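Computed from the coordinates by the stated procedures, all read-outs in this text should not be read as laboratory data. Source: prediction; values computed, not measured. Neighbour counts run over all protein chains shown; Cβ positions are idealised from the backbone, glycine included.
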Amino acid sequence: MRRIETLDDISEGLAALVAADARLAAVVETAVEVPLRRSDPGFASLVSIIVSQQVSRASAQSMMRKLSALADPIEPAAILAGGEDMLRTAGLSRPKQKTILSLAGALEGRAVDLDALCLLEAEDAIAQMTQLHGIGPWTAQIYLLFSAGHPDIFPVKDVALQNAVGRAFGMDKRPGEKDLHVIAEAWSPWRGVAARLFWAYHHATMGRSADAVLTPQDAARETKTG
């Protein structure tokens with residue numbers, strides 16, 4: 001499976017996307033820069049995704065700094081040792097505490113291997129991840145995009161992506177999940193680069209407001225529903 005590992009991979013993907021869909025040339029021009037946004041796979045990366053849901057970028061960064069100071073490094077054993085009190089001190093909501101503690105327990109019990117999941121095809125990895133408490137499809141997709149470099153994932157639940165595609169294509173209203181899924185099919189096998197492109201486009205066209213919420217509220221419900 002081809003991975004998105006470098007900025008050269010991003011450039012190759014953008015060229016392929018524009019060749020497949022001429023409308024994207026204007027999106028690329030507006031976005032200007034499409035970042036790689038890669039992180040190391042593992043527990044800490046997934047925790048950061050969970051922490052970031054439904055809060056501002058500044059709040060997420062503040063909570064991660066506090067958590068890092070309380071549990072250094074952020075590993076399952078340290079999280080389990082600190083328990084709810086430590087996560088509460090870091091500012092995490094009760095649903096997020098429960099999700100992170102459940103994840104830490106699953107990793108300590110070897111019920112899941114986050115590094116091994118990165119080697120699976122996306123559908124198989126998502127199916128396994130969503131069996132974990134508090135981990136829904138969006139959370140799994142974001143982890144696989146940025147921690148595993150999966151090339152062909154487009155998180156259709158993401159409100160920022162819905163808004164960006166709607167604005168870029170002059171739609172009267174943003175496309176819903178089903179419509180966005182159909183639109184994004186044309187960008188396979190580079191949907192992971194297309195997602196990065198439209199996030200960059202969203203940031204370029206919305207300015208500072210694009211940083212107000214790091215992740216969409218719809219996706220944040222996963223910490224409550226599992």
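Can you give the helix-only mean residue ellipticity at 222 nm for the chain, where every DSSP H stretch with n ≥ 4 adds -39500 (n - 2.57) and the sum goes over all residues, rounded to the nearest 500 deg cm²/dmol?
On the way: 14 runs with 141 residues, N = 226.
Computed mean residue ellipticity for the chain: -18500 deg cm²/dmol.
Once you have the Cα-Cα distance between Arg57 and Arg23, take 0.36 nm times their residue separation minus that, and quote the gain in nm to one decimal. Please report the intermediate quantities before stating the final value.
Numbers: separation 34, 0.36 × 34 = 12.24 nm, distance 3.04 nm.
Taking Arg57 through Arg23 to full extension adds about 9.2 nm, to one decimal.
If one computes P(r) from the Cα atoms of the range 1-151, what percent of pairs lie at distances over 20 Å? Walk me through the numbers before you get to the answer.
Values: 6130 of 11325 pairs.
I get 54 percent for the Cα pairs in the range 1-151 exceeding 20 Å.
Could you work out the relative contact order of the range 43-150, using alpha carbon pairs under 8 angstrom and six or more residues apart, expressed as a whole percent?
On the way: 97 pairs, mean separation 27.5, N = 108.
Relative CO of the range 43-150 lands at 25 percent.
Could you calculate the contour length gain from Ala69 to His133, that is, 0.36 nm times the residue separation minus the distance between their Cα atoms, to one decimal place in nm? Write out the running numbers ahead of the final one.
On the way: separation 64, 0.36 × 64 = 23.04 nm, distance 2.54 nm.
Separation in residues times 0.36 nm, less the Cα-Cα distance, equals 20.5 nm.
For the pair Arg110 and Arg174, what calculated FRET efficiency results from E = 1/(1 + (r/R0)^6), where r is the Cβ-Cβ distance and R0 = 30 Å, to the nearest 0.05?
Numbers: r = 41 Å, r/R0 = 1.38.
For Arg174 and Arg110, the calculated efficiency is 0.15.
Relative to the longest principal axis of the C-alpha atoms of the chain, give the angle of the C-alpha long axis of helix 94-108, reported between 0 and 90° and rounded to the nearest 10°.
Result, in degrees: 80.
Any idea what angle helix 159-168 forms with the longest principal axis of the chain, computed on alpha-carbon atoms, 0 to 90 degrees, nearest 10?
Value to nearest ten degrees: 10.
Highest mean first, what order results for 157-169, 44-56 on Cβ atoms within 10 Å? Before the final figure, lay out the partial values.
Values: 157-169: 20.4, 44-56: 22.2.
Ranking, from highest mean packing down: 44-56, 157-169.
Quick one: angle between helix 137-147 and the longest Cα principal axis of the chain, in degrees between 0 and 90, rounded to 10, please.
Taking the Cα atoms of the chain, the angle to 137-147 is about 80 degrees.
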